[in-house]
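Student: Here's a structure for you.
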Amino acid sequence: MKATFARLWPAVSLAVCWGATLARSGDVPPRSAGGQTLEVPKEHLDLGEVYYVTPGEDTQLVCTSDAPLARLAVTCNRVVGYFVTPFEPSAEQSPLLAGAVRIPVAALQTGANASGEALRSPPALHAAEYPEITFRLLQVSNVKATGEENQRKRFTVTLAGEMTIKDKTVALEAPAELELIPFTWRTMARNVGELLTLRTHFDLKLADYGLEKPDRSYNERIADVIKVDVFLLCNTMSPEKNLDPRIKTPQFLKQLRFLTLVRDLGDPEKGYELGRGLLREVWDDAAALDRLASAVLSEDGIATRDLRFVLKAARRANEVTDFKDPSLLSTLGHVLFDMGRVDEAVERLRQATEHLESIPPPVAGEIRATLERYEREAERERE
Amino acid sequence: MAKCWCPGRPPVQGGKRAAVGFCLLLAAIPCWGQWPQWGGPRRDFTCEASGLAETWPADGPKKLWSREIGAGHSAIVVDGEHLYTMCRRGEQDAVLAVRAADGKTAWETKYDAPPKEDMQLEFGPGPHSTPLVADERLFTVGGMVHFHCLDKQTGKILWSHNLMEELGASHLNRGYGASPLAFKDTVIVIVGGTEVGVAAFRQDTGEVAWKSEKFRGGYPSPMVVRIHDEDHLLLALGAERAGLDPATGKTRWKASVDKQLAGIMSSPVFVPPDRIFFSAAYGGGSQLFRVRFADDAYTAEELWHNTKMKVMYSDAIRIGDYIYGSSGDFGPAFLMAVSLEDGKVAWRDRSFGKASLLYADGKLILLDEEGVLALVSVSPEGVKIHAQAKLLEEKAFTVPTLVGTRLYLRDEHTLLALDLGQAANAGGAGS
């Protein structure tokens, strides 16, 4: 169906302004069971199609401080939330009906430890006390349908809502670009599901939120106004959808919750406490133990990797499988290597190579290459 | 349109004009106790039933028995005292006959079916296809496309074909899934081979009766319907929708659709006298075609295409002027009603996960992939849930089977028999 944009979207030339006040549902909803999205209120579910913000891949936020003596870019890829569009978008209705996001302060990356600590310090964002920044969409206006091609629909809008930082809520208005992208074989390469992209930018005045610079030395190194550039890829498939029937959904969600605490919210104490509980639950499930161990070893953005925790999970996974599963042996070797126990790591990888016939050739090749790397390291240590 | 069905026999589909009146007469007399093939007596997931309870106790309808079963998504067929299905035993496929009375194994026939190296098997290697009972024989196709004819009483293999080796059939990466279809003295199977799309075999000897032109392989099971007073074997394979003469395999009509619809898995839905509904997930959506006959040729015209209703692996059901189905692939699932008139969505409901449906006694029996069984009424205005209960623990991708008031469900590990009758569920209020 290739109806022209003008036929389908008369709004294109009318620059329709809805000024639509959106459905309100109290505060920004809490995080969901796995922590990778929000609990969408029923009144929002009833409104239309829900698109969940996809964390973990894109640079969702780029916050630039351009001060006289320093330029700092802070990024984040762990924004979670959702937006709701009409089931059948039309020229008579706002393309966005509701939305909310949460931004974990611990996941704001500055690229340097000192500036990161300063950002999270009490005078600035005070991450320990206020772990998240939130935004709630309240109004959409100045809607213009700006294009349609291959069933992709594009709009420009003005978003209005409330941003809360350190318990201070400030009204925020910003221009935004919105694109609704249907699922195609091409988009599947990025994400399965129907997609929505939202791009916006705005200035954030520190004083509006009562934010202070960490100390006087930062007066000329952090700007009074931060430029914030936002790109959110959202998907009708929730980040908490478990697509693998071999994984029990409660386990899957608990592991997500564990990672949310350890990685996104920077709370290793609570995170590993939950992780230890999960470890006990899956004590005889080698695949689940290995997933847990591998996640802590390999997941990006984990500041505190508890290698003893990983070792316990990886060792038990191998006990359950009688030290005969090459993938599990490889994980055990990996953690031993990271702990500096290189000779033991080599031993486990050699054990793994005795069972490579049971796994696909590319994975077998990776294990052989890892063994060679470990052996070189062991040799270097001996020298 | 005339179709009829009798105990112990697959539905007689099509036939001579002279038989129409006789078949209509038979069709007016429901024959209880049979579910011989994919989709039930009429291959449309509807069946005659009465006396079903209006609701159930909170923990579900009365359980008759349950038993362990191997992995697989093959649905359950029922013939007399036996249920038949397929499951996986290590690197073998197993055809299983189970006593309807108590769930005990009557016989089990296994054969080697190691998975191929190029398969993606996170959802298991199958078997996904559902057996077919025709007279004294049982026909099965396993995940690696081994096609067998068995003696339904003993499980003895009477003849077989390795369709991958013989006809270049495709395992579709995740294991073969279409269910065989009886037509007169033949049994028709999707091949999706390098040279052959569909093939028919003599039921008694296994001899090839005909081979069609080339079509891609696919999961939608074929069905035979009567359009313009001729039999049409309906196919939805890849980006082609087609009608073949089921007696010869010759193509009567063929339509190409957008490649986004090529991932179709759901079976076609016939809308008499001449319309066919198809639905695909993965961004595809639903289409309604009309088959026309003019100038001595058949053509198929798309009446509408709606991208909103996307039925994935399960089924859709026509009730009156609406199609009801569970729409969704990776995102949320909606129980949905779509108008046949214009393809518009009448309503959506988020109460269930992706679900398989049966229609009996004026209600839908719904099993969602989380193992929730529900009894619901649907109309163009909306859905009313009468009862629901979570009964299965593993992913439940298999459409249930109803015979009389007995419902059979399965997931990857459990086969469950329930009584949905009024007497068995008196006083229940489960929703």
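Any read-out appearing in this document is the output of simple, stated calculations on the displayed coordinates, not a laboratory observation. These numbers were taken from a predicted model, which means no experiment stands behind them. Neighbour counts are summed over all protein chains in view; Cβ atoms, including those assigned to glycine, are modelled from backbone coordinates with ideal geometry.
Student: Between B:GLU122 and A:ARG216, how high is the FRET efficiency from 1/(1 + (r/R0)^6) when r is the Cβ-Cβ distance and R₀ = 56 Å? Nearest 0.05.
Tutor: Efficiency, from the Cβ-Cβ distance: 0.45.
Student: At a threshold of 8 angstrom on Cα-Cα distance, excluding pairs fewer than six apart, so keeping six or more, what relative contact order does chain A reach in percent?
Tutor: Once divided by the residue count of chain A, the mean separation gives 14 percent.
Student: Under the definition of partner shielding as Cβ atoms of other protein chains within 10 Å of a residue Cβ, what is the mean value for peptide A:180-186?
Tutor: What the average comes to for A:180-186 is 4.
Student: Which lysines have a Cα lying under 25 Å from the Cα of B:LYS104, excluding residues fewer than 8 positions away in the same chain?
Tutor: B:LYS62, B:LYS63, B:LYS152, B:LYS156, B:LYS390, B:LYS395
Student: Still on this structure, please answer the following. Which of the lysines could a cross-linker span from B:LYS344 if the Cα-Cα distance has to be under 21 Å and same-chain partners fewer than 8 positions apart are dropped?
Tutor: A:LYS2, A:LYS153, B:LYS308, B:LYS310, B:LYS354, B:LYS384
Student: Can I ask one more? Suppose each label sits 7 Å from its Cα in the direction of the beta carbon; what would the A:GLU57-B:ILE319 distance come out to in nanometres?
Tutor: Placing both labels 7 Å beyond Cα along the Cβ direction yields 3.9 nm.
Student: Efficiency by 1/(1 + (r/R0)^6): what FRET value for A:ASP322 and B:GLU165, r their Cβ-Cβ distance, R0 = 45 Å, to the nearest 0.05?
Tutor: 0.80
Student: Additional query: Can you give the Rg/Rh ratio of the stretch B:3-425, where Rg is from the C-alpha atoms and Rh is the Kirkwood radius?
Tutor: Rg/Rh for the stretch B:3-425 comes to 0.93.
Student: A follow-up question, please. How far apart, in nanometres, would the label points at B:ARG290 and B:ALA58 be if each is projected 7 angstrom from Cα along the Cα-to-Cβ direction?
Tutor: 5.2 nm
Student: Which residues' amide hydrogens lie under 5 Å from the amide hydrogen of B:TRP210, considering only partners 5 or more residues apart or on another chain, with H built in the peptide plane?
Tutor: B:ALA200
Student: I'd like to compare B:414-426, B:269-281: which one has the highest average count of other Cβ atoms within 10 Å, and what's the full order after that?
Tutor: In decreasing order of mean packing, B:414-426, B:269-281 become B:269-281, B:414-426.
Student: With r as the distance between the Cβ atoms of B:LYS259 and B:GLN422 and R0 = 60 Å, compute the FRET efficiency 1/(1 + (r/R0)^6) and round to 0.05.
Tutor: 0.75
Student: Going by average Cβ density within 10 Å per residue, which order do the peptides A:276-288, B:83-95 take, highest to lowest?
Tutor: The most tightly packed comes first, giving B:83-95, A:276-288.
Student: Over chain B, what is the mean sequence separation of C-alpha contacts under 8 Å (at least six apart), divided by residue count, expressed as relative contact order in percent?
Tutor: For chain B, the relative contact order is 16 percent.
Student: Another question about this same structure. Residues of the stretch B:375-415 with amide nitrogen under 19 Å from the 7 Å Cα-to-Cβ point of B:LYS104?
Tutor: Output list for this probe position: B:415.
Student: What trypsin sites (Lys or Arg not before Pro) does the stretch A:283-338 have in DSSP loop regions with at most 11 other beta carbons within 10 Å?
Tutor: In loop regions of the stretch A:283-338 (DSSP not H, G, I, E or B), there are no sparsely surrounded trypsin sites (Lys or Arg not before Pro).
Student: Hey, fewest Cβ within 10 Å first, where do A:ILE226, B:ILE227 land in order?
Tutor: A:ILE226, B:ILE227
Student: In which sequence would B:GLU230, A:GLU129 go, from the one with the fewest C-beta neighbours within 10 Å to the one with the most?
Tutor: Result, fewest neighbours first: A:GLU129, B:GLU230.
Student: The stretch B:150-179 to the stretch A:265-293: how many Å between their Cα centroids?
Tutor: Computed from Cα coordinates, the inter-centre distance equals 43 Å.
Student: In addition: Can you give the angle from 0 to 90° between the axis of helix A:342-353 and the longest principal axis of chain A, with both taken from C-alpha atoms, to the nearest 10?
Tutor: Around 90 degrees separate the two axes.
Student: What percent do you get for the relative contact order of the stretch B:329-431 when only Cα pairs under 8 Å and 6+ apart count?
Tutor: After rounding, I find 18 percent.
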